[in-house]
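This report refers to the structure that appears directly beneath it.
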Amino acid sequence: MKKYTRPLRMSKREKRDAWTFSAFVFPNFLLLGVFVFWPIVYSLYLSFFKWNMIAPRKTFIGMMNYVNMANDPVFWQVLRNTLVLAASTVFVKLAMALGLAVLLNRKIRAKDSYRAVLFSPTFTTSVAVAMVWGWIFDPNFGLLRVFINAVGLRSPNWLGDVSWALPAIIIVVIWSGVGYDMVIFMAGLNNIPTELYDAAKVDGATPWTCFWRITFPLLSPTTFFLTIVSVIGSLKAFDVIAIMTDGGPMNSTNVIVYYIYQNAFQWFKTGYASALALVLFVIIMTITLVQTRLARRWVHY
Amino acid sequence: MKVARYSWSIAMALFLAIPTALWANGTKEDATQGPVKIVYWRSLTGVAGDAQEELVKRFNAAQDKVIVESQFQGAYADLIQKLLAGLAAGTVPDVVLLDSPFVVLFAKDGALAPLDALVSKDKSGFKLADYIPGLLQDGYYDGKLYAVPFMRSTPLLYYNADMFREAGLPDRAPKTWDEFREFSRKLTLVTAGETTRFGSAFTLSTSTAHWYFQGAVYAYGGLVSDDKFGIHLSEAPAIKAATLWQDMVFKDKTAIGSTDPHTEFLNKRVGMVFGSTGSMGNLFSRATFKVNAAFLPGQVKNLVPVGGAVLAMTSTDKVRQAATWEFLKYMTNADSVSYIVQTTGYMPVSTSSMNHPDTVAYFTKYPERKVALDQLKFTRPQASVISLGKGTEILRQMVEKLLVGGMDPAKVMAETTVDLTKEYNDTFK
């Protein structure tokens with residue numbers, strides 16, 4: 001194979017292309033720089049200080065914010081909640097979305113209406129979603145109570161009970177995300193050539209075999225994309241929690257992003273909040289890297 | 001491809017132009033020409049919000065030296081967040097409606113302008129002594145005055161008078177906490193093993209949970225913390241109050257902890273709730289039954305922590321500070337305060353507004369609203385720990401540990417003392 005060597009000087013055309021390229025990427029870089037990279041660097045800097053955002057001077061305290069974090073029982077509880085929320089929402093949500101996508105990809109009546117209904121949480125404001133679910137969960141007047149009573153059980157005090165509040169949040173997060181994932185899965189399904197199914201049918205494959213041998217492997221890039229997006233999304237859950245529970249009762253639904261918000265904007269602990277934000281950043285990056293690694297084993301392009 | 005060649009500079013120019021344009025918009029007006037424009041950040045919605053707008057309008061119409069622009073910034077907590085952002089960015093308003101506990105926090109680091117020089121220079125006949133001393137007190141930090149009282153409130157007990165009659169209770173609020181417990185028991189209804197109605201609801205909400213608990217501790221003759229930040233939660237009064245609250249929830253099962261007790265009350269799920277003086281208009285107008293407002297129960301004494309908002313100055317230059325001072329005086333003069341009292345139910349904050357003919361006439365017409373005025377004699381400022389960054393939150397968590405977690409009161413108080421001490425050291429050292 002011949003090795004390609006670059007001429008030392010760029011031709012006029014190449015120069016012009018380089019400039020055009022820079023011109024087009026510059027606005028993006030500027031925005032990313034100002035709103036993404038600079039905040040990351042500045043958070044890292046702030047995480048070594050004690051600062052309430054009011055005082056004119058910041059006090060350097062070295063690693064103390066990180067030491068305090070390690071000794072903060074709420075931090076560990078919040079971290080556990082965050083991981084529980086991520087793990088339990090992602091799998092259930094993706095499984096449901098895939099099932100729905102396969103169902104609605106068939107020739108059934110009023111398919112579009114079903115799709116629209118299932119997709120509607122995606123374009124509904126999360127604040128409205130959280131408020132309505134807050135009423136549904138109401139142990140005295142809520143809609144859910146009616147169903148629970150119908151099977152002869154007594155409704156738990158969902159949002160007021162330490163052991164029921166997080167499950168309630170998980171239900172809402174799954175409900176609001178399943179429609180979007182379903183649509184992405186449907187797009188993936190449409191990319192699978194129908195000849196494969198025809199050929200399988202000729203060979204006498206059952207729908208079950210078709211699903212596991214054709215649909216699932218060929219959908220794996222979509223599944224992979226949705227897994228990463230869902231994991232990151234659930235690690236960053238905020239709005240539903242802020243509206244429904246304020247992280248309570250007794251921090252049972254407090255997650256890391258909400259805890260960062262509380263520390264920075266309710267309790268004036270900018271340094272500690274920055275340290276927390278950095279920990280979240282490291283967690284998300286690690287999980288995403290691990291997923292990308294693992295993906296080589298099961299994603300077929 | 002000329003376009004391509006210039007697109008870089010065009011893009012660059014655009015991106016620089018946008019923020020510059022915004023910047024130019026925000027620069028300060030030249031103070032020497034015409035009236036001084038100042039910005040007022042207000043909070044609160046409904047009648048309490050409208051009343052502030054009306055007073056600003058009246059001030060602007062009444063004189064031509066100062067023009068106030070009123071900007072709504074959300075709830076107390078939202079306003080504080082925006083103020084933090086403003087301080088970090090170097091653009092602050094001139095005057096803010098501040099939740100009273102936060103005066104210390106902002107004054108300590110120089111975000112508020114001291115008012116003492118403006119008070120002593122004032123030749124208009126303004127008298128600081130006109131403000132009710134107990135309400136003026138928490139405008140001070142380190143011997144200097146930083147805020148004047150404006151929309152001040154006390155914690156009250158609201159009860160469903162129809163439910164009281166039906167339960168065979170007298171038409172008056174419980175006088176002591178022991179009686180409160182007794183009344184709660186009589187109001188509770190159990191049908192088929194399920195409690196369908198509780199006597200009372202304690203609030204667990206972020207902004208006020210600590211306030212009513214402070215009231216209970218005061219009633220038992222104790223203190224949450226003193227002026228030197230000594231914490232007294234492990235002493236008998238606080239332990240007794242905590243034990244009574246907890247026993248009502250877990251032993252008697254006649255009370256609940258709720259993050260939205262007023263909704264429970266309006267839905268007739270509970271018979272008694274705590275609320276601010278400022279909730280009076282809202283509860284009276286929305287209830288489908290007869291609501292009465294009363295003092296918070298006493299025990300060994302009648303004493304409540306005073307809450308609500310103050311007006312504080314955030315201006316940094318002299319001309320605007322002088323203009324802001326005129327506005328502060330106007331907002332808290334007898335006519336304005338009397339107007340606030342009549343529209344919102346907040347307390348009169350000065351002797352002159354209390355004796356104002358309109359105020360007097362108003363209370364003669366609506367004697368049931370006079371309870372706040374009567375309670376004014378039994379107020380003291382809130383616990384000093386409230387001014388710590390996380391102070392109110394630590395006390396809210398304490399109430400939550402008692403009423404949701406069911407933890408031993410002595411243990412909860414010990415933990416809370418440790419947390420508050422840590423927070424004090426973090427804030428002041």
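The values are calculated or read from the model by the stated rules, or taken from the named source; none is laboratory data. Remember, predicted model here, so these are calculated numbers, not experimental data. Reconstructed Cβ throughout: ideal geometry from the backbone, glycine too, with neighbour counts over all protein chains shown.
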Tell me yes or no: at least one residue of segment A:56-73 is at the interface with chain B (Cβ under 10 Å from one of its Cβ atoms) and within 30 Å of A:TRP175 (Cβ to Cβ).
no
Residues of segment B:261-285 that turn out to be under 25 Å from the mean Cα position of the chain (by Cα), within 14 Å of chain A (Cβ to nearest Cβ) and surrounded by 18 or more Cβ atoms within 10 Å (Cβ to Cβ), as a count:
5
Selection within segment A:31-61 - among the small types (Gly, Ala, Ser) and either touching a Gly at 6+ places or on another chain (Cβ under 7 Å) or in contact (Cβ under 8 Å) with a residue 24 or more places away in the chain (or both):
A:SER43, A:SER47
Filter pass, B:ALA322 being more than 24 Å from the chain's Cα centre (by Cα), in the same structural domain as B:VAL92 (by TED's automatic domain parsing) and at pLDDT 90 or above:
yes
Being within 24 Å of B:GLY215 (Cα to Cα), under 21 Å from the mean Cα position of the chain (by Cα), surrounded by 19 or more Cβ atoms within 10 Å (Cβ to Cβ) and within 11 Å of chain A (Cβ to nearest Cβ): is that true of B:LYS401 here?
no
Here, helices (runs of 4 or more DSSP H) confined to segment B:27-120 with at least 3 residues that are outside the structural domain of B:MET347 (by TED's automatic domain parsing) and under 18 Å from B:GLY307 (Cβ atoms) are none
Among the residues of segment B:339-398 satisfying the criterion of being hydrophobic (A, V, I, L, M, F, W, C) and assigned to a loop (DSSP other than H, G, I, E, B), which is nearest to the other protein chains (Cβ to nearest Cβ)?
B:LEU388
Does B:TYR366 satisfy the condition of being out of contact with any Leu (no Cβ under 6 Å at 6 or more places or on another chain) and in contact (Cβ under 8 Å) with a residue 40 or more places away in the chain?
no
For segment A:266-301, how many residues meet the condition of being surrounded by fewer than 19 Cβ atoms within 10 Å (Cβ to Cβ) and farther than 20 Å from A:PHE37 by Cβ?
14
List pairs: first in segment B:105-127 and within 10 Å of chain A (Cβ to nearest Cβ), second surrounded by fewer than 22 Cβ atoms within 10 Å (Cβ to Cβ) and aromatic (Phe, Trp, Tyr), Cβ under 7 Å, 6+ apart or cross-chain?
B:ALA107/B:TYR141; B:LYS108/B:TYR141
Residues B:VAL306, B:VAL371, B:VAL300: which one is buried (at least 23 other Cβ atoms within 10 Å of the Cβ) and among the β-branched types (Val, Ile, Thr)?
B:VAL306
Just a yes or no: is a residue in segment A:284-293 out of contact with any Ser or Thr (no Cβ under 7 Å at 6 or more places or on another chain), away from chain B (no Cβ under 12 Å) and not in a helix (DSSP H, G or I)?
no
Any residue at all in segment A:193-206 that is under 23 Å from A:GLN291 (Cα atoms) and not polar (S, T, N, Q)?
no
Please verify whether B:LEU233 is assigned to a loop (DSSP other than H, G, I, E, B), within 22 Å of the chain's Cα centre (by Cα) and buried (at least 16 other Cβ atoms within 10 Å of the Cβ), treating the condition exactly as stated.
no
Restricting to helices (runs of 4 or more DSSP H) lying wholly in segment A:195-251: which have 2 or more residues that are without any contact (Cβ under 8 Å) to a residue 40 or more places away in the chain and under 30 Å from A:ALA168 (Cα atoms)?
A:216-235
Starting from segment A:129-158, take each residue that is closer than 19 Å to A:VAL173 by Cα and list its partners that are charged (D, E, K, R), counting only C-beta distances under 7 angstrom and pairs at least six apart or across chains.
A:ALA130/A:ASP239
Residues (acidic (Asp, Glu) and either without any contact (Cβ under 8 Å) to a residue 24 or more places away in the chain or in contact with a helix residue (DSSP H, G or I) (Cβ under 6 Å, 6 or more places away or on another chain) (or both)) located in segment B:202-242
B:ASP227, B:GLU235
Residues within segment A:153-209 that are closer than 30 Å to B:GLU194 by Cα and surrounded by 12 or more Cβ atoms within 10 Å (Cβ to Cβ), tallied
17
Odd one out for A:VAL172 among (1) part of a helix (DSSP H, G or I); (2) under 23 Å from A:ARG106 (Cβ atoms); (3) among the β-branched types (Val, Ile, Thr):
(2)
Tally time: how many residues in segment B:48-90 are away from every other protein chain (no Cβ under 14 Å) and hydroxyl-bearing (Ser, Thr, Tyr)?
1
Within segment B:165-198, can you find the residues that are assigned to a loop (DSSP other than H, G, I, E, B) and touching a residue at least 60 places away in the same chain (Cβ under 8 Å)?
B:ALA167, B:ASP171, B:ARG172, B:ALA173, B:PRO174, B:LYS175, B:THR188
Considering each of A:ASP181, A:ASP138, A:ASP246, A:ASP239 in turn, give the residue that is assigned by TED's automatic domain parsing to the domain that holds A:PHE91, touching a helix residue (DSSP H, G or I) at 6+ places or on another chain (Cβ under 9 Å) and on the phi > 0 side of the Ramachandran plot.
A:ASP246
What tally of residues in segment B:244-260 results from selecting those that are small (Gly, Ala, Ser) and more than 20 Å from the chain's Cα centre (by Cα)?
2
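Okay, residues lined up against (1) over 19 Å from B:ASP374 (Cβ atoms); (2) in contact with a helix residue (DSSP H, G or I) (Cβ under 6 Å, 6 or more places away or on another chain):
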{"site": "B:SER124", "(1), (2)": "yes, no"}
{"site": "B:ALA129", "(1), (2)": "yes, no"}
{"site": "B:LEU135", "(1), (2)": "no, no"}
{"site": "B:TYR140", "(1), (2)": "yes, no"}
{"site": "B:MET151", "(1), (2)": "no, no"}
{"site": "B:PRO155", "(1), (2)": "no, yes"}
{"site": "B:ALA161", "(1), (2)": "no, no"}
{"site": "B:GLU166", "(1), (2)": "yes, no"}
State yes or no: is B:GLY275 out of contact with any Gly (no Cβ under 7 Å at 6 or more places or on another chain) and either part of a strand (DSSP E or B) or in the same structural domain as B:PHE102 (by TED's automatic domain parsing) (or both)?
yes
Residues located in segment A:66-102, provided they are over 22 Å from the mean Cα position of the chain (by Cα), of a type outside the set (A, V, I, L, M, F, W, C) and under 22 Å from B:GLN397 (Cα atoms)
A:ASN68, A:ASN71, A:ASP72, A:PRO73
With a cut-off of at least 2 residues that are more than 27 Å from A:THR223 (Cα to Cα) and small (Gly, Ala, Ser), name the helices (runs of 4 or more DSSP H) lying wholly within segment A:92-161.
A:126-136
Candidate set from segment B:121-173 (those that are touching a strand residue (DSSP E or B) at 6+ places or on another chain (Cβ under 6 Å) and of a type in the set (Gly, Ala, Ser)); member that is nearest to B:GLU264 (Cα to Cα):
B:ALA161
